[in-house]
Structures are given as C-alpha cells and as structure tokens.
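Working notes for the structure below.
The values are calculated or read from the model by the stated rules, or taken from the named source; none is laboratory data. Values in this document were obtained by computation on a predicted structure and should not be read as measured data. No Cβ is skipped: glycine too gets one built from the backbone with ideal geometry, and neighbour counts run over all protein chains shown. Areas reflect the complete protein model, heavy atoms only, side chains present, ligands, DNA and RNA absent. Shrake-Rupley method; radii C 1.70, N 1.55, O 1.52, S 1.80 Å.
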Amino acid sequence: MTLNDLRQTIKGRVVLRGDECFDEARKPWNRAIDQWVLAVVEAYDADDVATLVTYARQERLTVTAQRGGHRPSGDVDGVILLRTDRLNDVAVDPVTRTARVGAGATWDQVLRLASPHGLTGLVGSSATVGALSAVLSGGIGWFSRKYGFAANTVRAFDAVDADGLPIRVTPETDPDLFWALRGGGGDFAVVTAIEFDLQPAPKLYGGRMVWAADRASYVLDAYREVTATAPEDLTVWFSLLQPPDAAPSVAVEVTFLGEAEEAQRLLSRFEAVEGVVSDNRGVMPVEELGGICAEPIEPSPGLWRSELLTVLDDTVGQLLLANAKSMEPLTALQLRQLGGAVAVDRADGGVVPPLIEPFLLSMFGVPSDAEARRAVGAKMGEMADAFDGYVSGSKPYMCLAPGEDASKAFPEATLLRLRELKRSRDPHNVFRGNFPVLR
Ligand SMILES: Cc1cc2nc3c(=O)[nH]c(=O)nc-3n(C[C@H](O)[C@H](O)[C@H](O)COP(=O)(O)OP(=O)(O)OC[C@H]3O[C@@H](n4cnc5c(N)ncnc54)[C@H](O)[C@@H]3O)c2cc1C
C-alpha cells in the first residue's frame, strides 16, 4: 500500500509532498522551526490513528504525533506527521473532579468547561498548547507549586500501540506504560484521549504588574523578598521584556489560589516599587489564566533556551540585570519560581524527576530570518555561559530546545528504564517523540 492509498482508508486528510497545501500543513505552530516530514495525516478520529499506525508498522515508517508544535525539535525528517487537532472533545465531571480530554484539545477548552465548577487544570502560561501535549512532557503550571506537574494528575490514557491496536493505559492495565507516558513524551504510543484530575480553584486572584525597564533592580529585589516566603498557593514570575515594537519593561505575573485580600497582602512589597505603568491584578475566572502573560496566540516564530538556577542571590540577581541591559536580540528573559510540590520526589508521579532547583530561567527571541536566528542562538549561548556555576545543567523535558536531548531531562536510571521500555514496546520505531529517549 502506498501513502496515496491511505486516502481511501483514512476519514481525515492525507497531505503528500507535491500537494499544494503540503507546505502549510507541515508547519508547526512555532514558525522558527522547519519540519521536513514525508507526509501529513490529519486524523478524523481514533480509528484513523490506528489505521495510520498499522500502515506505518507494515511499511516500516515512523509517525510523530503533534497537536500544535509550540516547541518542536524539527527532528522529523522523513517521518509521517500525525495531526490530532480534530480529536478535541472535552468533558468535565464536577463530581469526580476529572476531565476527559481528546488528544487535540487545548488547555483553553478544558479551562472553559472547568471554570464554572470552580475547578482548574495545571495549565502553564499558554492555554493554546495541547493539554495532552503538556502532560506528556511533564507540564509545569501556574499551580504546580501546590499540586505538582500536570503529568502527576493523570488517571488513564486511551492510546494506540505500536501494532496499531487500541489500548487503555492505567496503573492497573499497564503500570510501565502508565509511568512512561506521564512525562516521558511521545515515543511509546499515540495517545487519543486522556483522563486527569482537576484541582479546586473556587477563588482565584491573578494578573500582571508592569514597570519601565529602569525599575528592574527594584522589582527584582521585591521579587526575591516575596518569593523567599511565598506560600505554595502563590506563584510569581519575573519577566524582562524587550519587544521589537515597544519600550523595554519589567513585569511580574502572579496567581494566588485564595482570597484577594490575602493575595494583596502577600504582594504588597511590589506596590512599594514606584512607577507602575500597568496593573491588571484582580479576582479572575480560571478561564482567563492563559491571558496573564499575554503570550502570542497565533502561530509565530520563537527560539528559546532554559536553565535551572541553583540560587537567586545578589550575584545571580546582578548577573541577570547586567545581561538584561544588553539582551538584544532577545525579546524576553523570565524567571519562574519552582519549589513546593515540584520539588517533591513522588514515587507515584510518573517519569518527571523532582525539580530541586528554586528557579527556572528562560530566554526567548523572535528571529525574522536566518541571520537573526544565528544572532538569537549566539546571545542565548552567551547568556547561559554567564550563568555558568549557578545552573544545574539539567532541564525540564518540556523546556528542551532543538539540539538538546532527553538525557538532559531525566536522571540516568529513569532514562535507562525509558529506553528499555522503548525497545520492548516499539522495537521498529513506529513512534518518534519530539525529543526521543533513544536514537
Ligand atoms: C508560548 C509557550 C508557553 C509555554 N508555557 C509552558 C508552561 O507554562 N508550562 C509548560 O509545561 N510548558 C509550556 N510550554 C511548552 C509546551 O507545554 C510544550 O511545548 C507542549 O508540548 C506544547 O504543546 P503543543 O500542543 O504545541 O504540543 P505538540 O507540539 O503538539 O506536542 C509536543 C510533543 O508531544 C508528543 N505528542 C503530542 N501529541 C501526542 C499524542 N497524541 N500522542 C503521543 N505523543 C504526542 C509529541 O512528541 C510531540 O512532539 C510553552 C510553550 C510555548 C510555546
């Protein structure tokens, strides 16, 4: 059977090289990354997924599943790109506080249904990313300091295995695969739907405060003070922003699971920093969480690099501010406080190792062409070198960037177990995750 023949059996769309829409269909959300895939299959339902996997297995081809492609590796040459966008049903059960979410559904969809019940999921800064994709890569969310990684919340996966057979993966049916899918990426199966726990958020406070960039040192001082004693219900991020079309600024983004008065008390130190140019903090519905950081919603180009900081003392603070003064061509530097539940070693939690480092530092750039791309890459490298001695060298799996690999994200014993499982469950490499555990 040829790829062209698949058009007769797949209910969704099969797009092949030479088709007019091929170049558009193969693009990831992140337009800075190219995907030189063999074909694109847009599945209509779980049966389409099974048909494609069976075909790939027979023809010794490889499939990579993708909903959005927000942080793709680009490592997909010659692979069939399986789009799951249409598998986007979402159902929320307020009694059991669970959600059943199709592989192609976004966090936005989950939050809209969970919000009226005072429930939330462990969404991060962008609610346009796939909820399943976030779970498969670990998922650090606004409330992870209190509730852990999104991967820790899963109850069950519906998936298609390397023989093209539908499987239900729970701790009872398949403990090894259940472990691997919670944070180990897309190397082991194509997941068609997922069931996970929601968390209570009957009262939610959040928003963003912004100052001109010359206030950065004062805001950073306040940030260090507030985060030093922050309870796990409070999450505060610190961002240095230099967008191409606006003045440089410094911002803090916050969420608090609780009463507004308590949030204001915990955050009062920021109000002492003069010169606030905007402040939209307030009581907010869960479904607005994805808007706090004002991240792009439409597909756009972006390069990123993340490092886990082992400390945020005076020296590191000075380093950060010194680098921020000449951060061009980068557009943003962000610090996220970790700690709390993400630092806890959970025997039942899946693959994701505890993050014992107190802060995650991320750098971003928006390259418009190849030259800008090189400049962004060089600047991120230069900046990472500047923090040498203050970073651990490991990276959360969901933060890996093109050129980095899974060995940065997992302890050796975890990686060995993931590789063993890959060899036994997918010996013919029918599946490829964006950052494969085995090459
Ligand atoms: C602006 C922005 C903000 C972000 N903020 C956060 C954040 O706050 N917290 C956080 O944790 N992450 C964050 N991320 C990272 C993001 O969660 C991950 O990159 C996520 O994987 C991207 O979602 P996606 O829907 O584009 O995933 P996709 O690109 O669709 O999927 C990522 C990978 O998951 C696997 N996969 C996807 N679907 C399936 C499937 N059905 N079966 C098997 N494997 C599959 C594949 O290996 C795929 O390459 C952010 C990314 C961006 C661009």
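Can you give me the long-range amide H partners of T106? Hydrogens built in the peptide plane at 1.01 Å from N, cutoff under 5 Å, separation of 5 or more residues or another chain.
Under 5 Å from the amide H of T106: A131.
So what J values fall out for segment 84-97 if you push phi through Karplus, 6.51 cos²θ - 1.76 cosθ + 1.60 with θ = phi - 60°, rounded to Hz, Gly and Pro as x?
10, 3, 6, 8, 10, 5, 9, 9, 10, 10, x, 6, 8, 6
At T9 and S300, where each label point lies 7 Å from the Cα along Cα→Cβ, what is the point-to-point distance in nanometres?
In this crude label model, T9 to S300 measures out at 4.2 nm.
Quick check for the chain: number of Lys pairs with alpha-carbon distance under 24 Å, counting only pairs 8 or more apart or on different chains?
Pairs that pass both the separation and distance tests number 9.
Along the charge dipole of segment 128-227, Cβ charges K/R +1 and D/E -1, which of W179, T128, A162 sits furthest on the positive end?
Projecting each Cα onto the dipole axis, the largest value belongs to T128.
With r as the distance between the Cβ atoms of A384 and A228 and R0 = 35 Å, compute the FRET efficiency 1/(1 + (r/R0)^6) and round to 0.05.
Details: r = 25 Å, r/R0 = 0.71.
According to the calculation, E is roughly 0.90.
Which order do you get for K146, K379, K11 if you rank them by accessible area with a 1.4 Å probe, largest at the top?
Numbers: K146 75, K379 25, K11 110 Å².
Of K146, K379, K11, the descending order of accessible area is K11, K146, K379.
If you roll a 1.4 Å probe over the chain with all protein chains in place, what percent of the accessible area is carbon or sulfur? Before the final figure, lay out each step's value.
Values: 8910 of 18070 Å².
On the chain, the fraction of accessible area on carbon and sulfur atoms equals 49 percent.
Hey, what do the phi angles of segment 114-131 turn into as Karplus ³J(HN,Hα) couplings, whole Hz, using 6.51/-1.76/1.60 and θ = phi - 60°, x for Gly and Pro?
Along segment 114-131, the couplings run 7, 3, x, 9, x, 10, 9, x, 8, 6, x, 5, 10, 9, 8, 6, x, 5 Hz.
Rolling a 1.4 Å sphere over the protein heavy atoms, what is the accessible area per residue of the chain, to the nearest Å²?
Details: 18070 Å² over 439 residues.
Value for the chain: 41 Å² per residue.
Taking the Cα centre of the chain as the origin, how large is its charge dipole in debye, to the nearest 20, when only Lys and Arg (+1) and Asp and Glu (-1) carry charge on their Cβ atoms?
540
Specify whether the C-alpha gyration tensor of segment 204-399 places it in the rounded, prolate or oblate class, a ≥ b ≥ c being the square roots of the eigenvalues: rounded for a/c under 1.5, otherwise prolate if a/b is larger than b/c and oblate if not. If you can, show how the numbers build up before the last one.
Numbers: a/c = 1.43, a/b = 1.16, b/c = 1.24.
Rounded is the answer for segment 204-399, as its axis ratio a/c remains below 1.5.
Compare the Cα positions of S326, A272, T54 along the charge dipole of the chain (+1 at Cβ of Lys, Arg; -1 at Cβ of Asp, Glu; about the Cα centre) and return the one farthest towards the positive end.
Working it through, the farthest residue towards the positive pole turns out to be T54.
Leaving ligands and nucleic acids out of the surface, order R432, R97, R26 by accessible area at 1.4 Å, largest first.
On the way: R432 45, R97 115, R26 20 Å².
From most exposed to least exposed: R97, R432, R26.
Ordered by residue, what ³J(HN,Hα) values in Hz, to whole numbers, does segment 341-355 give under the Karplus form 6.51 cos²θ - 1.76 cosθ + 1.60, where θ = phi - 60° and Gly and Pro are x?
Values, residue by residue: 5, 6, 8, 8, 7, 9, 4, 9, x, x, 6, 5, x, x, 9 Hz.
Using the Cα atoms as the points, what is the convex hull volume per residue of segment 364-407 in Å³?
Values: hull volume 3.6 nm³, N = 44.
About 82 Å³ per residue, rounded to a whole number.
Roughly how many Å² of W29 are accessible to a 1.4 Å probe, to the nearest 10?
Probe radius 1.4 Å; accessible area of W29 about 40 Å².
Need one word for segment 294-439: rounded, prolate or oblate. Basis is the Cα gyration tensor (sqrt eigenvalues a ≥ b ≥ c); a/c below 1.5 gives rounded, then a/b vs b/c decides. Write out the running numbers ahead of the final one.
Working: a/c = 2.24, a/b = 1.36, b/c = 1.64.
It is oblate, given that a/c is not under 1.5 and a/b is not larger than b/c.
Using the crude model of +1 on Lys and Arg Cβ and -1 on Asp and Glu Cβ, and no other charge, please compute the dipole size for segment 1-105 relative to its Cα centre, in debye to 20. Before the final figure, lay out the partial values.
On the way: 15 positive and 16 negative charges, 53 e Å.
The calculation lands at about 260 debye.
Against the 2.2 N^0.38 Å scaling, with N counting residues, where does segment 1-96 land? I'd like the Cα-based Rg ratio to two decimal places.
On the way: Rg = 14.2 Å, N = 96, 2.2 N^0.38 = 12.5 Å.
My calculation over the Cα atoms of segment 1-96 gives 1.14.
Would you mind getting me the FRET efficiency between A246 and A347? Use the beta-carbon distance for r and R0 = 45 Å, nearest 0.05. Display every interim value, and only then the final one.
Details: r = 47 Å, r/R0 = 1.04.
It comes to 0.45.
Keeping all protein chains in place and using 1.4 angstrom, which order do Y223, Y147 fall into by accessible surface area, from largest down? Provide the component values of the computation, followed by the final result.
Numbers: Y223 0, Y147 65 Å².
Highest to lowest solvent-accessible surface, that is Y147, Y223.
What whole-number volume per residue, in cubic angstrom, does the convex hull of the C-alpha atoms of the chain give? Don't skip to the end; give the middle numbers.
Details: hull volume 57.7 nm³, N = 439.
Given the Cα convex hull of the chain, per-residue volume reads 131 Å³.
So how far, in whole Å, is the C-alpha centre of segment 171-240 from the one of segment 398-429?
First find each Cα centre; the distance between them is then 23 Å.
How big is the charge dipole of segment 142-184 about its Cα centre, in debye rounded to the nearest 20, if each Lys and Arg gets +1 on its Cβ and each Asp and Glu gets -1 on its Cβ?
Details: 5 positive and 6 negative charges, 98 e Å.
Charge dipole of segment 142-184: 480 debye, to the nearest 20.
Put +1 on the Cβ of each Lys and Arg and -1 on the Cβ of each Asp and Glu in the chain; which of G148, S300, L415 then has its Cα farthest toward the positive end of the dipole?
In the chain, that residue is L415.
Quick one: how many Å² of D245 are accessible to a 1.4 Å probe, rounded to 10?
Surface open to solvent at D245 totals about 140 Å².
Quick one: go through segment 313-349 and flag any residue whose amide nitrogen is under 19 Å from the point 7 Å out along the Cα-to-Cβ line of E371.
The answer is 328-331, whose backbone nitrogens lie closer than 19 Å to the label point.
Show the residues, 5+ positions off or on another chain, whose built amide H is closer than 5 Å to the amide H of I167.
Here the answer is A159, V160, D161, since their amide H atoms fall under 5 Å of that of I167.
Taking H placed 1.01 Å from N in the peptide plane, check which residues at least 5 places from R305 or on another chain put their amide H under 5 Å from its amide H.
M363
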